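Just below is one structure, and these are the notes that go with it.
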Amino acid sequence: MKGPARPVLDRDGLGTLRLALARLKSGFASLPDLDAPQEDAAAIERVLLEAADRLRDNYPYFHPLYAGQMLKPPHLVARLAYALALWINPNNHALDGGRASSAMEKEAVAEIARMIGWETHLGHLCSGGTMANLEALWVAGQLCPGKKILASQQAHYTHERITQVLGLEFESVPCDRKGRLEIGALGTRLESGPVGTVVATIGTTATGSVDPLPGLLELRERYGFRLHADAAYGGYFGLADNLAAETRAAYDRLGEVDSIVIDPHKHGLQPYGCGCVLFRDPAVGQFYKHDSPYTYFSSADLHLGEISLECSRPGAAAVGLWATQKLLPLVKGGEFARMLGECRVAALALFEQVRADARFLAAFAPELDILVWVPRAGRASEASELARRIFAEAARRNLHLALASLPLEFFNAETAGMQRDQASITCLRSVLMKPEHRQWAQRIWEILDQAASVALARAPRP
Ligand SMILES: Cc1ncc(COP(=O)(O)O)c(C=O)c1O
């Protein structure tokens, strides 16, 4: 929904928060008043203003001209619901610490499971994608002890580290020119020895590429490995109605994987610390089985700590997610789905501008909402230096992009006459993950165009 122009960092919603706090307070009216010492309001104000001063030293992540890394502002309702919950500060480890927020977590996680077509599942929230993948690979290691974990060369760097922590072996599989796991290479590898688990990345960090799930499922049929989907970034995009056919084909079969990670703190409009891991077979709960001498007293119902590796976890994160999904249900054709579609439209629009400009070499068309491109140059090192200059010029104009180091093949650089004088190339990268980016794509292009003109004119001749 497009409304009137609004100031940056507006304070909308604080009145609603007061109202909700009053409602919350009324639930505890039977308690005797406290005679706690008065807080020093002046000292708190002083410190808070100092904190505000400190926080000004940030890129404007909330603004569409921030189009660099994966940073998406939490929805207003998420911020308010999270703040509201902080007055209680529930802990979703056990029902003893967070009764209501544990119930809200179970509901919210079940909605994510339903989004991928799972009516039954085992799942919970955690601190983020890394922790969620660690849990999924830990379960995979329990089921296939001592067997290797494979992921593509473009999989998130933490997979290799996680397997080290778990004492498992890791191997990477080559990617095609579009940053997706290469099915042929995986097939060859599977012929040569047993593999326990393959990680399919559904939205790679660098380029938003989606691994070919139908081909992976076919290989699983033949070789019997476990299939885990790291959809930390791209997990929600199955709701969008404007994916390319190959990408859609992957999402249509997402429900067939054994486990999946989706990060509400990436595209799910949540504040940080909100990842989610889901298992298709609830029986894997057996691996989490433990007793706690200190908790689990208050109820025989499931305590989330009984199915989670972490102990204390913020109930506020569950309240924020629950509220967001109430307002913006995870359904095709809904407002949340529309917002994801807008991000992809924005990325395609910017991609077309870059592709049509003779100064640039665009990589493949974005599958989701991330695009990468390089300035044309005689050598990869030169193109990398120009990319760094354009990045800096754009930042001077308030347009914040990102840089990434990627294979030259993604840009067909050698076909375009670029010499491979280094193994990879530093490219410009933009993550257009705010729905407002659709309206801002043209403005972003205009600033990029100016920044490139200045940077290329000032660059020393090779
Ligand atoms: C595909 C993918 N997996 C995992 C992660 C790690 O997630 P987190 O930073 O929430 O730990 C990221 C982070 O960008 C990611 O893009």
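Table for the structure above
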{"read-out": "Span from the segment 247-323 Cα centroid across to the segment 14-44 one, whole angstrom", "value": "31"}
{"read-out": "Shape of segment 346-399, Cα gyration tensor, a/c cut at 1.5", "value": "oblate"}
{"read-out": "Long pairs among Lys106/Lys289; Lys25/Lys106; Lys266/Lys434; Lys72/Lys326; Lys106/Lys434; Lys332/Lys434, criterion Cα-Cα beyond 21 Å", "value": "Lys25/Lys106; Lys106/Lys434"}
{"read-out": "Separation in nanometres of the label points that stand 7 Å from Cα toward Cβ, at Thr188 and Arg99", "value": "6.1"}
{"read-out": "Positive dipole terminus of the chain, leading residue within Thr158, Tyr288, Leu137 (C-beta point charges)", "value": "Thr158"}
{"read-out": "Cβ-based charge dipole, segment 1-119, positive-most Cα from Pro32, Leu14, Ala67", "value": "Ala67"}
{"read-out": "Furthest towards positive pole of dipole, Pro264, Val198, Leu227, structure part the chain, Cβ charges", "value": "Pro264"}
{"read-out": "Rounded, prolate or oblate (a/c below 1.5 giving rounded, otherwise prolate when a/b exceeds b/c) for the chain by Cα gyration tensor", "value": "oblate"}
{"read-out": "Nearest-20 debye value, the chain charge dipole, Cβ charges on Lys, Arg, Asp, Glu", "value": "1160"}
{"read-out": "Cα principal axis extents for segment 363-443, largest first, Å", "value": "39, 29, 17"}
{"read-out": "For segment 115-173 and segment 385-412, distance of Cα centres in Å", "value": "31"}
{"read-out": "Kyte-Doolittle at least -1.0, axis length at least 20 Å by Cα - qualifying DSSP helices, the chain", "value": "41-55, 99-115, 129-143, 335-355, 380-396, 437-458"}
{"read-out": "About the Cα centre, charge dipole magnitude for segment 156-227 (Lys/Arg +1, Asp/Glu -1 at Cβ), debye", "value": "140"}
{"read-out": "Segment 170-212, dipole about Cα centre (Lys/Arg Cβ +1, Asp/Glu Cβ -1), debye to the nearest 20", "value": "140"}
{"read-out": "Ranked Cys274, Cys175, Cys343, criterion: other C-beta atoms within 10 Å, fewest first", "value": "Cys175, Cys343, Cys274"}
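Where a number appears in this text, it was derived from the coordinates with a stated rule and is not lab data. None of these values were measured; they are calculated from a predicted model. When we count neighbours, we look across all protein chains shown, and the Cβ atoms used for this are built from the backbone with ideal geometry, even at glycine.
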